[in-house]
Amino acid sequence: MRVTVIGCGYLGATHAACMAELGYDVLGVEIDTAKRESLAAGKVPFYEPELEDLLAEHVGSGRLRFTDSYEEAGGFGSIHFVCVGTPQRRDGLGADVQHVDAAIDSLAPYLTEGALVVGKSTVPVGTAARLAARLGDGAELAWNPEFLREGFAVRDTLQPDRLVFGVASEHAEARLREFYAAVIGTGTPVVVTDFATAELVKVSANAFLATKISFINAIAEVCEAAGADVVHLADAIGHDDRIGRKFLNAGVGFGGGCLPKDIRGFLSRAGELGVEDTMSFLRQVDDINLRQRTRVVQIATAMLGGNVARARVAVWGAAFKPHSDDVRDSPALSIAGQLHLHGAQVSVFDPKANETALAKFPTLDYAESALAAARDADLLLHLTEWPEFREVDPVALGDVVRRKQVLDGRNRLDLDAWRAAGWATRALGRGSRRSLSLSPAS
Ligand code: UDX
């Protein structure tokens, strides 16, 4: 079977390579020349473990090709996946669906009789129904949201927690079941529903995850005020199956291309639907999240005795999370940028995101290693929890810094070891007395 994937960004490139892995002949449509040429050469234009090998393999075998021609795509296959981006609008909180509309309009004239167009992009509820009307009678639409996480994109696509099919006919359901037979065959649950529910499943899932993170970050602040420890607290409440320990890591909060934009888009759409009051807690979820960044800047300022302007600050991490080079809405980079604007000399190191960060924030200094970033620092901020940062020996690091002060913004460092090595430590939500305690050596 031959399928096309329209839009080969994060989602589309992954989907295209994974569908080739399932045995389909895949044609990816990408209008950005640089991106298309990179993909056609078997090179992923971003960092995603496992994807590069998969892409290279299937480009090499000829099972995966790329084009900028909708005409070619229309005639190529009978199932077309729409994976274009839906960024936050420049003039408001809602999602900008112009690329989805443009993809449908560009493809529609070339579709063959009986084609199935499958939307995967995250869209405001109501979009699929509108697009179905726009497609006309010759082709059918289905909505099949994607839940992949950056860093685990291949695994999440080939072994998803569930498949969601938003359909308007049994025929469309049958075609999707047939298409995903290999994935369903491994026991993946399938939820079959209408368009609106399928669209809402995606944004609700992301809203829930964002709420969980902001909940624990709010509790973290209470823990600091009360001298309690949010990591122990999260472990304890997480043992309750109904709560679960995942996504209860307190710290500098969530970023990336999905959670922040999706909760804002959800709020905006709820307003259009007349249910804004019901969803207004999402505004607080967003506020609590952004507040973590301000709090870190305030704590850092206090640790520097108020003299940010003359201080050297080392920042470990720039990506919005480890195993990614994505710096979109990254808490780490936002904090580094704020301290820089306050006059600090900021040296950033990220194992994979130095380049993407430099492109976005060229005025910061970027170091070649965790150690180089920390050289002569008055304060070290640990803001993205790459495993290699945990491996750094605080004793050796103590010799290169100017002042042994560290703030763990992700609660992943072994602060007992750091204190034993003479460091003054702070963490988010880990009890003011304990986290501020200085070892006699410092
Ligand atoms: C998210 C959803 O998980 C995924 O299902 C959806 O398809 C796209 O959005 P992603 O943006 O790749 O995926 O990242 P995710 O792993 O969910 O992390 C999001 C952010 O939350 C990161 O900045 C991460 O550092 C932060 N986070 C996560 C926390 O601050 N605490 C946690 O406990 C978990």
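The values are calculated or read from the model by the stated rules, or taken from the named source; none is laboratory data. Model, not experiment: these values are computed from the prediction. For neighbour counting, all protein chains shown are included, and Cβ atoms are generated from backbone atoms with ideal geometry for every residue, glycine included.
Could you say which residue among Thr67, Thr14 is closer than 26 Å to Ala132 by Cα, in the same structural domain as Val154 (by TED's automatic domain parsing), crowded, with 24+ Cβ neighbours inside 10 Å and among the β-branched types (Val, Ile, Thr)? Checking each option against the conditions leaves just Thr14. Can you pull out every residue in segment 325-337 that is part of a loop (DSSP other than H, G, I, E, B), within 9 Å of the ligand (Cβ to nearest atom) and within 16 Å of His382 (Cα to Cα)? Residue satisfying the conditions is Ser330 alone. Of the residues screened, Val100 is one that is out of contact with any Lys or Arg (no Cβ under 8 Å at 6 or more places or on another chain) and surrounded by 16 or more Cβ atoms within 10 Å (Cβ to Cβ).
Checked against the criterion of being in a helix (DSSP H, G or I), more than 11 Å from the ligand (Cβ to nearest atom) and out of contact with any strand residue (DSSP E or B) (no Cβ under 7 Å at 6 or more places or on another chain), segment 257-267 has at least one qualifying residue.
Within segment 163-174, work out how many residues are surrounded by 16 or more Cβ atoms within 10 Å (Cβ to Cβ) and either farther than 18 Å from Cys83 by Cα or away from the ligand (no atom under 14 Å from the Cβ) (or both). Walk me through it before giving the result.
The initial filter retains those residues of segment 163-174 that are surrounded by 16 or more Cβ atoms within 10 Å (Cβ to Cβ), namely 163-168, 172-173.
Restricting the remaining residues to those that are either farther than 18 Å from Cys83 by Cα or away from the ligand (no atom under 14 Å from the Cβ) (or both) gives 165-168, 172-173.
Matching residues across segment 163-174 total 6.
Being basic (Lys, Arg), within 16 Å of the ligand (Cβ to nearest atom) and either more than 30 Å from Glu50 (Cβ to Cβ) or assigned by TED's automatic domain parsing to the domain that holds Ser106 (or both) holds for only one residue in Arg155, Arg177, and it is Arg155. Based on what the data block shows, is Pro160 outside any helix (DSSP H, G or I), away from the ligand (no atom under 12 Å from the Cβ) and out of contact with any Cys (no Cβ under 9 Å at 6 or more places or on another chain)? Against the criterion (outside any helix (DSSP H, G or I), away from the ligand (no atom under 12 Å from the Cβ) and out of contact with any Cys (no Cβ under 9 Å at 6 or more places or on another chain)), Pro160 does not qualify. All but one of (1) in contact with a helix residue (DSSP H, G or I) (Cβ under 7 Å, 6 or more places away or on another chain); (2) over 27 Å from Glu57 (Cβ atoms); (3) crowded, with 16+ Cβ neighbours inside 10 Å hold for Arg134; which doesn't? Tallying (1) in contact with a helix residue (DSSP H, G or I) (Cβ under 7 Å, 6 or more places away or on another chain); (2) over 27 Å from Glu57 (Cβ atoms); (3) crowded, with 16+ Cβ neighbours inside 10 Å, Arg134 fails exactly one: (3).
Only residues that are charged (D, E, K, R), near the ligand (Cβ under 8 Å from one of its atoms) and closer than 14 Å to Pro145 by Cβ: list them for segment 197-220, please.
Lys202
When the residues of segment 115-138 are filtered to those that are farther than 28 Å from Leu93 by Cβ and at pLDDT 95 or above, the one that is farthest from the ligand (Cβ to nearest atom) is Ala115.
Each row is one residue, and each column tells you yes or no for (1) in contact (Cβ under 8 Å) with a residue 60 or more places away in the chain; (2) touching a helix residue (DSSP H, G or I) at 6+ places or on another chain (Cβ under 7 Å); (3) surrounded by fewer than 20 Cβ atoms within 10 Å (Cβ to Cβ); (4) not acidic (Asp, Glu).
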position	(1), (2), (3), (4)
Arg328	yes, no, yes, yes
Leu341	no, no, yes, yes
Asp350	no, yes, no, no
Ala367	no, yes, yes, yes
Asp393	no, no, yes, no
Gly431	yes, yes, yes, yes
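Look at segment 253-274: where a residue is at positive phi and a partner is of a type in the set (A, V, I, L, M, F, W, C), sitting 6+ places away or on another chain with Cβ atoms under 7 Å, you get Gly253/Ile213; Gly256/Phe320.
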